[in-house]
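Presented below is the structure to which this report refers.
The values are calculated or read from the model by the stated rules, or taken from the named source; none is laboratory data. Note that the coordinates shown come from a computational prediction; the quantities given were computed from them, not determined experimentally. Neighbour counts are summed over all protein chains in view; Cβ atoms, including those assigned to glycine, are modelled from backbone coordinates with ideal geometry. To get the accessible areas, we keep the full protein, side chains included, count just its heavy atoms, and leave off ligands, DNA and RNA. Shrake-Rupley method; radii C 1.70, N 1.55, O 1.52, S 1.80 Å.
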Amino acid sequence: MLDDTLRAQLKQYLERLSRSVEITAYTDDGDRSKEMLTFLGELKSASNKISVTQGSDPSKRVPSFALATPDADIHLEFAGIPLGHEFSSLVLALLQVGGVAPKLTEDTIEQIRSIDGTHKFETFFSLSCQNCPDVVQALNLLAVLNPNIEHVAIDGAFFQDEVESREVMSVPSV
């Protein structure tokens, strides 16, 4: 799925990981799930700090995957395969979950960490949307820094029934 140049760049970026990243895949026997597992295998091969396991949770979208680390309480998921403009969102999420500090002031980080209450965000995106990565990356960062915040980035093309039932008319849609 990734060409040799992108694979080499990804490997170089992921050398910066300071802690392990655990990817849990939620799949079925369908072609899209198989495609996602191939994609996740490529991510795993780019760093020895990345592991991929299969999960079972009927509440999860299929195919989807969660990013976590044993060192922090993080609730961050991608539903679908984040390629196109969203590939950068995935790489940034891997880096942040893997311990690379965000480029924010300490004051901003503390403000995010002190957000009270439990919040669950779902963002619908399109792989061709140029504005979607800004929204996805911002909400991913909130989920990385605050354990009370969850974020699921959803590829609308994979989940058309949900797009229609929720009347998503444009992306990004939160």
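Computed with every protein chain present, the accessible area of residue 105 is close to 80 Å² [probe 1.4 Å].
Given the alternatives (1) 22, 21, 16; (2) 34, 17, 15; (3) 45, 16, 15, semi-axes √(5λ) of the Cα gyration tensor in Å as computed for this entry is given by (1). Note on the chain: with neighbouring protein chains present and a 1.4 Å probe, carbon and sulfur make up 47 percent of its accessible heavy-atom surface. Rolling a 1.4 Å probe over the protein heavy atoms leaves residue 11 with an accessible area of roughly 100 Å². Residue 37 contributes an accessible area of around 60 Å² to the protein surface, as traced by a 1.4 Å probe with all chains present.
In whole angstrom, how far apart do the alpha carbon centroids of region 130-156 and region 71-101 sit? Each part's Cα centre sits 9 Å from the other's. Placing pseudo-labels 7 Å out from each Cα toward the beta carbon at residue 100 and residue 16 gives an inter-label distance of 0.3 nm. In this structure, the amide hydrogen of residue 69, modeled 1.01 Å from its nitrogen in the peptide plane, lies closer than 5 angstrom to those of 22, 74, counting only residues at least 5 positions away or on a different chain.
Within region 16-68, the trypsin sites (Lys or Arg not before Pro) that combine a DSSP coil assignment with at most 14 other C-beta atoms in a 10 angstrom radius are 16, 19. Residues in region 92-174 average 53 Å² of solvent-accessible surface per residue, probe 1.4 Å, ligands and nucleic acids excluded. Assigning unit charges at the beta carbon (Lys, Arg +1; Asp, Glu -1) and nothing else, what dipole magnitude in debye, to the nearest 20, does the chain show about its Cα centre? Taking the Cα centre of the chain as origin, the dipole is about 500 debye. Distances between placed amide hydrogens fall under 5 Å for residue 122 paired with 152, all partners being 5 or more residues away or on another chain.
Provide the percentage of antiparallel DSSP beta bridges, counting only those with both residues in the chain; round to the nearest 5. Walk me through the intermediate numbers first.
Details: 11 of 28 bridges.
Percent antiparallel among DSSP bridges in the chain is about 40.
Suppose R0 equals 45 Å; then what is the FRET efficiency for residue 28 and residue 110 from their Cβ-Cβ distance, rounded to the nearest 0.05?
Numbers: r = 41 Å, r/R0 = 0.92.
That pair, residue 28 with residue 110, gives E of 0.60.
Backbone geometry of region 82-96 corresponds, through the Karplus equation with coefficients 6.51, -1.76 and 1.60 at θ = phi - 60°, to 3J(HN,Hα) couplings of x, 9, x, 5, 7, 4, 5, 5, 5, 4, 4, 5, 4, 5, 5 Hz, x marking Gly and Pro. Derived scalar couplings between HN and Hα for region 33-50 equal 5, 4, 5, 5, 5, 4, 4, 5, x, 5, 4, 4, 6, 7, 7, 6, 8, 10 Hz in order, rounded to whole Hz, by the Karplus curve 6.51 cos²θ - 1.76 cosθ + 1.60 (θ = phi - 60°), x for Gly and Pro.
The HN-Hα couplings worked out from phi for region 98-105 by the Karplus form 6.51 cos²θ - 1.76 cosθ + 1.60 (θ = phi - 60°) are x, x, 6, 5, x, 8, 10, 6 Hz, whole numbers, x standing for Gly and Pro.
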